[in-house]
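*Asks:* Below you'll find the structure I mean.
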Amino acid sequence: MQVILSTLLTLAMSGPAGKEAPLHCSPAVITEISWPEMLPPDAMPADNGYTVALAGDIMMGTTFPEERLPASDGNELFRDCLDVLLSADIAAGNLEGVLSDDGESTKRIVEGRSYVFRMPERYAGRLSGAGFDFMSLANNHVRDFGEEGIMATMEALENEGIAYAGLPSCRFAVAEKNGARFGFCAFGHNFYTLRHTDGDCVRDVVTALRKECDILIVSFHGGAEGADMSHLPYGTETYLGENRGNLRKFAHTCIDLGADIVFGHGPHVTRAMEVYKGRFIAYSLGNFCTPFGMNISGVNGYAPVAEIRIGRDGRFKSGKIHSFIQVPGAGPRTDVSGKVARHIADLTRSDITDSVIDILPDGVIVLRHEAAGNE
């Protein structure tokens with residue numbers, strides 16, 4: 001998948017188009033974007049639509065505190081998912097860890113265990129080879145190796161042509177494909193990320209990005225964690241004493257501000273999906289490729305890819321949940337039973353009481369009025 005990335009210019013304390021940066025949102029550095037030329041009209045898709053593939057947490061292996069890497073040096077991690085990821089116009093996920101070949105951990109090792117993740121820098125090539133265009137860095141593992149690890153991660157992604165966002169130094173990014181500018185921003189719950197619990201920050205970032213793109217995609221890392229957290233609650237979630245966000249309110253706010261797609265991760269399990277004001281929301285896509293160091297038993301190992309078809313106006317047209325289940329040490333593998341899609345369908349029926357979509361047994365997502373018309 002070829003994506004033309006915008007040039008990223010780092011400016012001290014200046015926002016998009018050189019405007020003054022909102023201090024509450026970015027204490028240090030803001031990213032400004034210099035646009036390439038638009039693609040010619042004949043490059044636009046004939047059906048006026050785009051396909052976006054969305055995935056959850058990605059931690060392909062770790063070299064800390066000891067090396068735990070997949071077979072074939074990670075080249076087989078995404079083999080079962082390649083068709084859907086590579087065929088999409090845009091593919092996005094969450095990078096749950098750093099891409100760095102060295103550095104000191106910011107977290108302690110307790111009884112030989114540490115939830116600290118450091119992938120080899122060369123594994124950025126595994127992401128680009130699978131077709132990923134955007135990675136969220138707004139999570140609780142991006143700072144596992146301090147600022148050095150963050151900088152190494154950014155450089156590794158840039159070398160592979162993968163855009164990223166979610167930190168004060170990278171508020172958003174834009175890639176151009178098929179005549180459209182796809183904008184991407186990301187929010188987390190940690191102090192070093194752009195936080196979805198900071199309403200002013202969310203408004204400033206999404207509003208600024210809306211002016212710079214045609215299709216706006218928001219990623220968020222939030223919600224309480226664990227196998228018993230599959231249901232989407234109302235109100236604010238807390239976990240380990242942290243505010244993990246009011247995710248229904250956050251997602252709806254982003255769409256009210258102009259987002260076209262909102263997708264989440266963080267609970268390590270899948271959650272419901274929704275179409276709100278014609279725009280798609282996935283409240284959690286769970287663990288997608290975390291073959292080492294994380295619990296991937298039962299529902300924690302459900303690893304869907306949401307393939308979403310949108311119009312050129314960003315409105316949801318149709319979709320499909322591609323079912324994968326993680327295999328320890330190997331990554332996501334095809335779920336021939338389709339139980340991952342059925343699980344998300346059950347959660348959607350339970351937790352979205354006014355849902356306007358139906359998720360069919362094969363994972364196809366349709367608008368209810370269209371499903372009724374086919375009966």
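The values are calculated or read from the model by the stated rules, or taken from the named source; none is laboratory data. Worth saying up front: this structure is predicted, and the values here are computed from it rather than measured. FYI the Cβ positions are ideal-geometry reconstructions off the backbone, even for glycines, and counts take in every protein chain you see.
*Asks:* Could you tell me whether residue 115 is aromatic (Phe, Trp, Tyr) and modelled with pLDDT of 95 or more?
*Replies:* Numbers: aromatic (Phe, Trp, Tyr): yes; modelled with pLDDT of 95 or more: no.
Against the criterion (aromatic (Phe, Trp, Tyr) and modelled with pLDDT of 95 or more), residue 115 does not qualify.
*Asks:* I'm checking my understanding of the structure. Among residues of the range 266-282 that are under 24 Å from residue 181 (Cα atoms) and under 14 Å from the mean Cα position of the chain (by Cα), which one is surrounded by the fewest Cβ atoms within 10 Å (Cβ to Cβ)?
*Replies:* 281
*Asks:* In the range 227-250, what residues are under 18 Å from residue 262 (Cβ atoms) and among the charged types (D, E, K, R)?
*Replies:* 237, 244, 248, 249
*Asks:* Right, residue 218: under 18 Å from residue 316 (Cα atoms), in a strand (DSSP E or B) and among the β-branched types (Val, Ile, Thr) or not?
*Replies:* On the way: under 18 Å from residue 316 (Cα atoms): yes; in a strand (DSSP E or B): yes; among the β-branched types (Val, Ile, Thr): yes.
For residue 218, the condition - under 18 Å from residue 316 (Cα atoms), in a strand (DSSP E or B) and among the β-branched types (Val, Ile, Thr) - is met.
*Asks:* Is it true that some residue in the range 305-318 is assigned to a loop (DSSP other than H, G, I, E, B), in contact with a helix residue (DSSP H, G or I) (Cβ under 8 Å, 6 or more places away or on another chain), aliphatic (A, V, I, L, M) and under 25 Å from residue 186 (Cα atoms)? Let's see the steps before the verdict.
*Replies:* So the first thing to find is which residues in the range 305-318 are assigned to a loop (DSSP other than H, G, I, E, B), and the list is 312-315.
Imposing the further condition that a residue be in contact with a helix residue (DSSP H, G or I) (Cβ under 8 Å, 6 or more places away or on another chain) reduces the set to none.
No: the range 305-318 contains no residue that is assigned to a loop (DSSP other than H, G, I, E, B), in contact with a helix residue (DSSP H, G or I) (Cβ under 8 Å, 6 or more places away or on another chain), aliphatic (A, V, I, L, M) and under 25 Å from residue 186 (Cα atoms).
*Asks:* Please enumerate the residues belonging to the range 326-350 that are more than 15 Å from residue 300 (Cβ to Cβ), assigned to a helix (DSSP H, G or I) and either at pLDDT below 95 or not basic (Lys, Arg) (or both).
*Replies:* Those that are more than 15 Å from residue 300 (Cβ to Cβ), assigned to a helix (DSSP H, G or I) and either at pLDDT below 95 or not basic (Lys, Arg) (or both): 341, 345, 346, 348, 350.
*Asks:* Would you please name the residue that is modelled with the lowest pLDDT, looking only at residues in the range 81-103 that are acidic (Asp, Glu) and closer than 19 Å to residue 69 by Cα?
*Replies:* Restricting attention to the range 81-103, the residues satisfying the condition of being acidic (Asp, Glu) are 83, 89, 96, 101-102.
Next cut, closer than 19 Å to residue 69 by Cα only: 96, 101-102.
Details: 96: 97, 101: 97, 102: 94.
Within the range 81-103, the match that is modelled with the lowest pLDDT is 102.
*Asks:* If you go through the range 316-352, how many residues are of a type in the set (D, E, K, R), under 26 Å from residue 259 (Cβ atoms) and surrounded by 15 or more Cβ atoms within 10 Å (Cβ to Cβ)?
*Replies:* 3
*Asks:* Tell me, yes or no, whether the range 283-292 has at least one residue that is surrounded by fewer than 23 Cβ atoms within 10 Å (Cβ to Cβ) and either touching an Asp or Glu at 6+ places or on another chain (Cβ under 8 Å) or of a type in the set (S, T, N, Q) (or both).
*Replies:* Applying the first criterion (surrounded by fewer than 23 Cβ atoms within 10 Å (Cβ to Cβ)) to the range 283-292 yields 292.
With the extra rule that they be either touching an Asp or Glu at 6+ places or on another chain (Cβ under 8 Å) or of a type in the set (S, T, N, Q) (or both), the set shrinks to none.
No, the range 283-292 has no match at all.
*Asks:* Next question. Quick test for you: out of 310, 261, pick the one residue that is closer than 17 Å to residue 93 by Cβ and β-branched (Val, Ile, Thr).
*Replies:* Values: 310 fails: closer than 17 Å to residue 93 by Cβ.
From the options 310, 261, the qualifying one is 261.
Each row is one residue, and each column tells you yes or no for (1) in a helix (DSSP H, G or I); (2) without any contact (Cβ under 8 Å) to a residue 24 or more places away in the chain; (3) of a type in the set (Asp, Glu); (4) within 23 Å of residue 209 (Cα to Cα).
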position: 140; (1), (2), (3), (4): no, no, no, no
position: 144; (1), (2), (3), (4): no, no, yes, no
position: 147; (1), (2), (3), (4): yes, yes, yes, no
position: 150; (1), (2), (3), (4): yes, no, no, yes
position: 157; (1), (2), (3), (4): yes, no, no, yes
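*Asks:* Could I ask something else about it? Do we have residue 314 as under 19 Å from the mean Cα position of the chain (by Cα) and closer than 27 Å to residue 228 by Cβ here? Outline the logic, then answer.
*Replies:* On the way: under 19 Å from the mean Cα position of the chain (by Cα): yes; closer than 27 Å to residue 228 by Cβ: no.
Here the answer is no, as residue 314 does not meet what is asked.
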